[in-house]
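Visitor: Have a look at this one.
The values are calculated or read from the model by the stated rules, or taken from the named source; none is laboratory data. What you are looking at is a predicted structure, and each value in this text was computed from that prediction instead of being measured. Note that we place each Cβ from the backbone using ideal geometry, even for glycine, and neighbour counts take in every protein chain shown. Surface accessibility is based on the protein's heavy atoms, side chains included, excluding ligands, DNA and RNA. Shrake-Rupley method; radii C 1.70, N 1.55, O 1.52, S 1.80 Å.
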Amino acid sequence: MGGGRRHPEAAPSGSRDSSVYTWEEVQRHRSRNDQWIVIERKVYNVTEWIKRHPGGYRVITHYAGEDATDAFVAFHPDPGFVRKFLKPLLIGELAPLEPSQDHQKNAMVVQDFRALREQVEKKGLFRADATFFCLHLGHILLLEMLSLLVLWTWGTGWIPSLMCAVVLSTSQAQAGWLQHDFGHLSVFKTSYWNHLLHKFVVGHIKGASACWWNHLHFQHHAKPNIFGKDPDVNTQHVFVVGNTQPVEYGIKKIKYLPYNHQHQYFFLIGPPLIIPVIFNLQIVRTMLSQRLWVDLAWWTSFYMRFFYCYVPFYGVWGSVLLLTCIRFLESHWFVWVTQMNHIPMNIDHEAHQDWLTMQLSATCNVEQSPFNDWFSGHLNFQIEHHLFPTMPRHNYQRAAPMVRALCEKHGIPYQVKSLWCAFADIVGSLRKSGGLWLDAYLHK
């Protein structure tokens, strides 16, 4: 069969013979119950392993039948350690005449990107600065204490309460960026400490679930802005995004909402509701349905601490109202920052692009400044973050010139915007997508 020295369906998981396969054979194994991937030309049967994968099964499923080399390297700070789990899954390798890349990916782009990764590794850009992260955690804890100091000093009037809510919203937003660092394993050399601190920050400081975040966010990084694979563009029919989906909805006469007005109702149901309503419901449902008892314990500790601190000032219902205001303010911060790099970019179905091209088509940067770095948790360097998700964020600025040079070499657009332009582009892209939907709905 097309270069396979063993019939591919007969190759059991864990066999270590010298079977060779063509890309055509590998690509047949991408169904729910039969999944192969290729890493560095080695073919692995991951059908059973995906159920135990710490990052969730979907992130591997999205690469079934494909070359997953760059994604594998990007997500694992210690690939050598992870390879011991791959050994029992090895079933063969690509035939000698088969290219290393699938789906006609540009071999030169792939080769140059991997050379770039080696270059940034040699420059030490994957080494974290402990002082940076200690100071960041310290300023979050200081904000938490400052909110209590405001109430102790000036009481619970409207102005002190508003100050308290703003301070705590700032603390929560900054804790969100910090848990993002730990979740990407970019702080400590060992995964254990990253996971432990991730659970502490996201669970105890923020009141969320580490597993819920991991399983959603890693999919986003693996296949950004790709329908059916990136959960961040699964808008549940509330919005239509990109240039393809609006036309598809219009032709099929799908109208759950008046999408030609989505750039207006975005302000009512986007930033205000994502964290207070949507995320909170998802978190509780995920922890209970998947029996994430450790995450539930951390989540519970947040609410115990919050109410212990603020019930003496506001009572139970007053504390609930305060927390709702904090979530409301934080949600605006979160949505504008996280969507400014993605919603205006290309959003489409799977195109099987190489890692560099795929990430650059789905992300853009926002101008560097001390404020932008702090305000966005260095996600103003979204391109570098997506290319190297385990890189400590304080090193993005040093990696950016090298990434830009590689993009210029291969003619790949490298976009940098001002903060306000990036915000405006969110609304503009929603307006454009809504217009495409209306035109298709009325005329096609």
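Visitor: How high is the relative contact order of the chain, in percent, with contacts defined as C-alpha pairs under 8 Å that are six or more residues apart? Numbers along the way, then the final one.
Guide: Numbers: 645 pairs, mean separation 82.8, N = 444.
Worked out over the chain, it gives 19 percent.
Visitor: Here's something else I'd like to know. For the range 106-443, with the dipole built from +1 on Lys and Arg beta-carbon atoms and -1 on Asp and Glu ones, taken about the Cα centre, which of Pro312, Ala422, Leu268 lies farthest toward the positive end?
Guide: Working it through, the farthest residue towards the positive pole turns out to be Pro312.
Visitor: Ok, one more. To the nearest 20 Debye, how big is the dipole of the range 20-103 about its Cα centre, given +1 on the beta carbon of each Lys and Arg and -1 on that of each Asp and Glu? Don't skip to the end; give the middle numbers.
Guide: On the way: 11 positive and 12 negative charges, 96 e Å.
The calculation lands at about 460 debye.
Visitor: Could you give the spread of the C-alpha atoms of the range 55-208 along their three principal axes, from largest to smallest, in whole angstroms?
Guide: 75, 33, 29
Visitor: Under the rule that an exposed site lies in a DSSP loop and has at most 16 other Cβ atoms within 10 Å, name the longest stretch of the chain with no chymotrypsin sites (Phe, Trp or Tyr not before Pro) of that kind, not counting the sites themselves. Provide the component values of the computation, followed by the final result.
Guide: Working: sites that count: Tyr256, Tyr414.
For chymotrypsin sites (Phe, Trp or Tyr not before Pro) (loop position, at most 16 other Cβ atoms within 10 Å), the longest site-free span of the chain is 1-255.
Visitor: So, one more: Assign one of three labels to the range 202-323, namely rounded, prolate or oblate, based on the Cα gyration tensor with a ≥ b ≥ c the square roots of its eigenvalues; rounded applies when a/c is under 1.5, prolate when it is not and a/b is larger than b/c, and oblate otherwise.
Guide: Cα axes put the range 202-323 in the oblate bin.
Visitor: I would also like to ask the following. With a/c under 1.5 counting as rounded, go ahead and sort the range 253-411 into rounded, prolate or oblate using the C-alpha gyration tensor (a ≥ b ≥ c being the square roots of the eigenvalues; past the cut-off, prolate if a/b is larger than b/c, else oblate).
Guide: Values: a/c = 2.00, a/b = 1.58, b/c = 1.27.
Prolate, because a/c is 1.5 or more and a/b exceeds b/c.
Visitor: Which distance in nm do the two modelled labels at Met402 and Phe85 give, with both placed 7 Å along the Cα-to-Cβ direction?
Guide: 2.7 nm
Visitor: Considering only protein heavy atoms, what per residue accessible area in square angstrom results for the range 147-201 with a 1.4 angstrom probe?
Guide: Heavy-atom accessible area per residue stands at 46 Å².
Visitor: Run the numbers for Ser100 and Met145: contour at 0.36 nm per residue of separation, minus the present Cα-Cα distance, in nm.
Guide: Value of the extension gain: 10.8 nm.
Visitor: For the chain, give the magnitude of the charge dipole about the Cα centre (Cβ charges: +1 Lys/Arg, -1 Asp/Glu; no others), in debye to the nearest 20.
Guide: It comes to approximately 600 debye.
Visitor: Here is a follow-up. Where the convex hull is taken over the Cα atoms of the chain, what is its projected area averaged over directions, in nm²? It would help to have the intermediate numbers written out before the result.
Guide: Numbers: hull surface 92.1 nm².
For the chain, the mean projected area of the Cα convex hull comes to 23.0 nm².
Visitor: Report the full-extension gain for the segment Trp317 to Ser31: residue separation times 0.36 nm, less the Cα-Cα distance, to one decimal in nm.
Guide: Using 0.36 nm per residue and subtracting the Cα-Cα distance, I get 98.0 nm.
Visitor: Please report, in debye to the nearest 20, how large the charge dipole of the range 34-171 is about its Cα centre when each Lys and Arg carries +1 at its beta carbon and each Asp and Glu carries -1 there.
Guide: Rounded to the nearest 20 debye, it is 280 debye.
Visitor: Tyr256 to Tyr303: FRET efficiency via 1/(1 + (r/R0)^6), r the Cβ-Cβ distance, R0 45 Å, to the nearest 0.05? Could you put the intermediate results ahead of the total?
Guide: Numbers: r = 34 Å, r/R0 = 0.75.
Using R0 = 45 Å, I get an efficiency of 0.85.
Visitor: Now for a separate question. Would you mind classifying the range 126-253 by shape? Square roots of the alpha carbon gyration tensor eigenvalues, ordered a ≥ b ≥ c; an a/c under 1.5 is rounded, otherwise it is prolate if a/b is larger than b/c and oblate if not.
Guide: oblate
Visitor: Then there is this: Protein chains only, probe 1.4 Å: how do Cys211, Cys407 rank by accessible area, largest first?
Guide: Cys211, Cys407
Visitor: While we're here: If you average over every viewing direction, what projected area does the convex hull of the Cα atoms of the range 124-165 give, in nm²?
Guide: Working: hull surface 14.3 nm².
Over all viewing directions, the range 124-165 projects a mean Cα-hull area of 3.6 nm².
Visitor: Using only the heavy atoms of the protein chains and a 1.4 Å probe, how would Arg30, Arg127, Arg114, Arg327 rank by accessible area, largest first?
Guide: Arg127, Arg30, Arg114, Arg327
Visitor: Quick one: how many Å² of Ser100 are accessible to a 1.4 Å probe, rounded to 10?
Guide: About 40 Å², rounded to the nearest 10.
Visitor: Still on this structure, I have one more. Give the share of C-alpha pairs in each 10 angstrom bin for the range 343-444, from 0 to the last occupied bin, in whole percents, shortest bins first.
Guide: Result, from short to long distances: 14, 40, 31, 11, 3 percent.
Visitor: Could you compute the longest span of the chain free of GluC sites (Glu not before Pro) located in DSSP loops and having at most 15 other Cβ atoms within 10 Å, not counting the site residues?
Guide: Free of exposed loop sites, the longest segment is 49-349.
Visitor: Using a 1.4 angstrom probe and counting only protein chains, how large is the accessible area of Val284 in Å², to 10?
Guide: Looks like 50 Å² after rounding.
Visitor: What are the ³J(HN,Hα) values, in whole Hz, obtained from phi via the Karplus relation 6.51 cos²θ - 1.76 cosθ + 1.60 with θ = phi - 60°, for each residue of the range 422-432 in sequence order, with x given for Gly and Pro?
Guide: For the range 422-432, the Karplus-derived couplings read 5, 5, 4, 5, 4, 5, x, 5, 5, 5, 4 Hz, x marking Gly and Pro.
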